[in-house]
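Before any comments, here is the structure.
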Amino acid sequence: MKEIRFTPKQKEALASLGIADTEQLLHYYPYRYEKLNYLPYRQWQIDSQVIISGRVISRPKISYFQGRHSVIYFQMESEDNEFRISVFNRPWLKNLKLEQQITVIGRYEGSGKILALQVSNQPMEELLGIHPVYSLKDKITEKTFNKLMNQALVENAEEISDFVDEKYYGKYGYLPYYQALKQLHQPSNETMLAKALDTLKYDEFVRFNLLMLSRRKDNFPEDDKYQKLFNTDEVARFIKNLPFKLTDDQIQATREITIDLMAARQMSRLLQGDVGTGKTIVSFIAMYETVLAGQQAALMAPTEILTRQHYHNLCNIFANYSIKIGVLYSSQSAAERAEVLNGLADGSIQMVVGTHSLFQQDVEYHRLGLIITDEQHRFGVKQRAALAAKGNYCDILMMSATPIPRTLATTLYGDIDVSTITETPNKDKVIHTKLVKKNSFIPILDEIEEKLAQGNQMYVVCPSIEKSETSRNANEIYLNLKKYFSNRYSVDLLHGQLSAEQKTEVEQRFKNGEIDILVCTTVVEVGVDVKNANIMIIYNANRFGLSQLHQLRGRIGRGDREGYCYLLTDSDDEETLAKLQVIVDNTDGFKISYYDLQMRGPGDIMGFKQSGLPQFELGNVIDDNDILIRAKQDAAMMLKEISRYPKLLEYIETNRDNNIIRF
Ligand code: ADP
Ligand code: MG
């Protein structure tokens, strides 16, 4: 790669976009494209985007409003037609001269009127076609950015070679890698752009699959595990004594897991099911079976809140069994921790719940036989790696609330089995969701009052704890609500910056019903289960991703009463409102995660992290599924003759321990 020179100012601007060198510049992808086509006047439709060029035929008139805003009107002639142009907030255009040649891009308003978005001196030909739009956040002008990009492309025309062998690209008519990159940034036309995108997506998926497939071999030693022998009658008795009857799906999942635990081969299974489908109890049964077999079971949760909740539930459910249960999290006292570590090392503790601290170096297990990860996708690279290292002989069960098709799951997560729970235990429960176009709870005050009066508890979720310019914060809202409800309802605050004891105390009081209204951040997002909390208000709902909103909403309507969720937002952006409407209209997590994935354009990863699927820069695992499958098959072939591809081998060697899911 030939580095191009940036001025210090450019360097700084690029750095703030996360671009440190030429390579990163070339991989800073457009998040959308602007397409401009010329259409003759008689074909124009109202509200469509139009482009014309011609000459100015009236002196521009400017008027100001609301202080700093301005609008300019003038007339122009183009191909014997006269047009009336208006432009907002470009006061300098009042200097347009009569007879000046200009090109106007804008929205057609009918009767020869155009609301201009751009008035340019460039001839129309230069503006037609497809242009990339980058997210530059006002750090650097589009012109400079394009110039640098062009330089990077020109200087590296010879440097950038194909990653995948030509013979594979050739099969699908893909472009050579360099050409694809160039077309992505400087598309000649739509066909070429589409080809470029497909090429780069394929390339990206091939890389992913190479790592995935090359790893798989080492990961599942045939008989290298502590096999589990236990009496299934005892399991059946345990299930019979549960406070509820398992759903058919829960029973089926339990059966599948039980068979895996007893098998000689290591289990690697994904248990997926929407929020509230009751995955937890299924995992508890697996833990019980492991203990019956004389081994230890560990359950890893992504947050302390969830960890404590699981611990609490385990203690309850196994209260009448002589099973010793431990809990581990980072803000624990040293003495407590030491005691649990001892118990795990000598085997006296049989079940343990914890955050990622479960798999820190100093944690030793006596005979760890099962590792469960709850909310699997929330764990980072390192945590998963540490866990896999401890888990050589263990069965592994991953739980996720993002249901994805089985074939996709095996492609993304490797050679794993999948159990899916689709049935929800309390089928009839309804959650009403309402979009409130104001970032305030005044419009819904009456409804809230009524529901609180019926004895429901309420979550009030805010995007941030402290003051911020763009969103309401938990502290402020807490104070407001406390004042408003004064001694009628008790209001409290829960967020990530509280100490562990404070958190436990607040959670416990909320669970006991001593707190009516809990103002919180997204700490409640995953897994938290309080049956009487049936109201949720989400401030600045537009700031959350779709899957995240779905998760949040999954906290309510858990008992037998109906749930009420209010999404508050100030935004009047159509796209944002459409996004929130998806949550209003859907309660099915699968559909929602599907929308979530679909709504993201190339290069845009907003909200995607939350979906729980691996991230790709361009490829979309759902829409581009055919390319993904293709890439998977080809990667397998490439691996068979890997010695012929030193470049691929080097890639695998250097990225072996990187970011993809390990089990
Ligand atoms: P998730 O799949 O989102 O982790 P949970 O395991 O937290 O869901 O279960 C949601 C709620 O449903 C819990 O309160 C749990 O006790 C309850 N539950 C689970 N299974 C059943 C069942 N078969 N019948 C009734 N309630 C159930
Ligand atoms: Mg859960």
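The values are calculated or read from the model by the stated rules, or taken from the named source; none is laboratory data. Note that the structure is predicted; figures quoted are calculated from it, not measured. Virtual Cβ from ideal backbone geometry, glycine too; neighbours counted across all protein chains shown. With ligands, DNA and RNA removed, areas are computed over all heavy atoms of the protein, side chains included. Shrake-Rupley method; radii C 1.70, N 1.55, O 1.52, S 1.80 Å.
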Original post:
Mind checking which pairs have a first residue in region 506-527 that is at pLDDT 90 or above and a second that is within 16 Å of ligand 1 (Cβ to nearest atom) and part of a helix (DSSP H, G or I), Cβ under 8 Å, 6 or more apart or different chains?
Top reply: Leu518/Phe510; Leu518/Val524
**OP:** Scan Thr407, Thr411, Thr402 and give me the residue that is of a type in the set (Ser, Thr, Tyr), at pLDDT below 85 and open to solvent by 20 Å² or more (accessible area, probe 1.4 Å).
**Re:** Thr407
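Here is a list: Thr199, Thr232. Which entry is free of Cβ contacts under 8 Å to residues at least 40 places away in the same chain and touching a helix residue (DSSP H, G or I) at 6+ places or on another chain (Cβ under 6 Å)?
Details: Thr232 fails: touching a helix residue (DSSP H, G or I) at 6+ places or on another chain (Cβ under 6 Å).
Every option except Thr199 fails the conditions.
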**OP:** Kindly indicate whether any position in region 275-288 is assigned by TED's automatic domain parsing to the domain that holds Asn316 and more than 16 Å from ligand 2 (Cβ to nearest atom).
**Re:** yes
Subject >> Verdict on Ile537 being closer than 19 Å to Val519 by Cβ and part of a loop (DSSP other than H, G, I, E, B) >> reply: no
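With Ala453, Ala474 as the choices, which residue is of a type in the set (Gly, Ala, Ser) and modelled with pLDDT under 90? Before the answer, list the steps.
Values: Ala453 fails: modelled with pLDDT under 90.
Criteria check complete, one pass: Ala474.
Just checking, does region 216-223 include any residue being out of contact with any helix residue (DSSP H, G or I) (no Cβ under 7 Å at 6 or more places or on another chain), among the aromatic types (Phe, Trp, Tyr), over 22 Å from Ile421 (Cα atoms) and surrounded by fewer than 24 Cβ atoms within 10 Å (Cβ to Cβ)?
Taking region 216-223 first, the residues out of contact with any helix residue (DSSP H, G or I) (no Cβ under 7 Å at 6 or more places or on another chain) are 216-223.
After this cut, where a residue has to be among the aromatic types (Phe, Trp, Tyr) as well, the list is 220.
Then keep just the ones that are over 22 Å from Ile421 (Cα atoms); that gives 220.
In the following step, the residues that additionally are surrounded by fewer than 24 Cβ atoms within 10 Å (Cβ to Cβ) were identified as 220.
Yes; the residues of region 216-223 include at least one that is out of contact with any helix residue (DSSP H, G or I) (no Cβ under 7 Å at 6 or more places or on another chain), among the aromatic types (Phe, Trp, Tyr), over 22 Å from Ile421 (Cα atoms) and surrounded by fewer than 24 Cβ atoms within 10 Å (Cβ to Cβ).
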**OP:** Go through region 232-336 and tell me which strands (runs of 3 or more DSSP E), entirely inside it, have 3 or more residues that are surrounded by 19 or more Cβ atoms within 10 Å (Cβ to Cβ) and within 15 Å of ligand 1 (Cβ to nearest atom).
**Re:** 268-273
Original post:
Got a sec? Which strands (runs of 3 or more DSSP E) wholly within region 43-142 have at least 2 residues that are open to solvent by 50 Å² or more (accessible area, probe 1.4 Å) and not aliphatic (A, V, I, L, M)?
Top reply: 49-56, 61-65, 69-78, 81-88, 101-110, 113-120
